[in-house]
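Notes for the one structure printed next.
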Amino acid sequence: MESEHTLTLNINSLVTPLYKSRVWIRLFAACLIFYGALSTVTGVAVLVAWIPMWIGVLLFLTSRSITRAYRESDEQAFMQMISRLKTIFTILGFSSVALVIASIYFVKYAIEKSLF
């Protein structure tokens, strides 16, 4: 007869490190939103300025979920926090790949035009 082993973890113990960092998370979110807003003013970065703003908003929402998960031991808030962090890392991953591809293209262009 097989016994099922389930691991029950206290949500507070899982969220504590993030809960202690929520001020820095909010500061970083505000900086990203401000950076995105400044980028739109330049006109050049209008196409990509929404990315840091989107991440900033997601970080603010994540911070709220962290607080709710910690204070109320709310499993739904914990899962929402994890989901939002996944979305943030997905956005950063796609952005990083796009940046690497664009960098390779621009270096190739610079070499062809003898800019180096």
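Coordinate-derived values only; no laboratory data. Since this is a predicted model, take the numbers as computed values, not measurements. Neighbour counts are summed over all protein chains in view; Cβ atoms, including those assigned to glycine, are modelled from backbone coordinates with ideal geometry.
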> What does the charge dipole of segment 11-89 about its Cα centre add up to, to the nearest 20 debye, if the Cβ of each Lys and Arg holds +1 and the Cβ of each Asp and Glu holds -1?
Replying inline: 120
> Where Lys and Arg each count +1 and Asp and Glu each count -1, what net charge lies around L59 among other residues with Cβ under 11 Å from its Cβ?
Replying inline: +4
> Exactly which chymotrypsin sites (Phe, Trp or Tyr not before Pro) in segment 42-80 are in a DSSP loop and have at most 11 other Cβ atoms within 10 Å?
Replying inline: none
> Along the Cα-to-Cβ line of N12, 7 Å from the Cα, sits a label point; which residues in segment 58-79 have backbone N less than 18 Å from it?
Replying inline: 65-79
> Of L92, T62, V48, whose Cα points farthest to the positive end of the dipole of the chain (charges on the beta-carbon: +1 Lys, Arg; -1 Asp, Glu; origin at the Cα centre)?
Replying inline: V48
>> At 20 angstrom or more along the helix axis (alpha-carbon based) and mean Kyte-Doolittle of 0.0 or higher, what helices does the chain contain? Whole DSSP H runs only.
In response: 22-42, 50-72, 75-112
> Can you list the lysines whose alpha carbon is less than 27 Å from that of K20, not counting same-chain residues fewer than 8 positions off?
Replying inline: K86
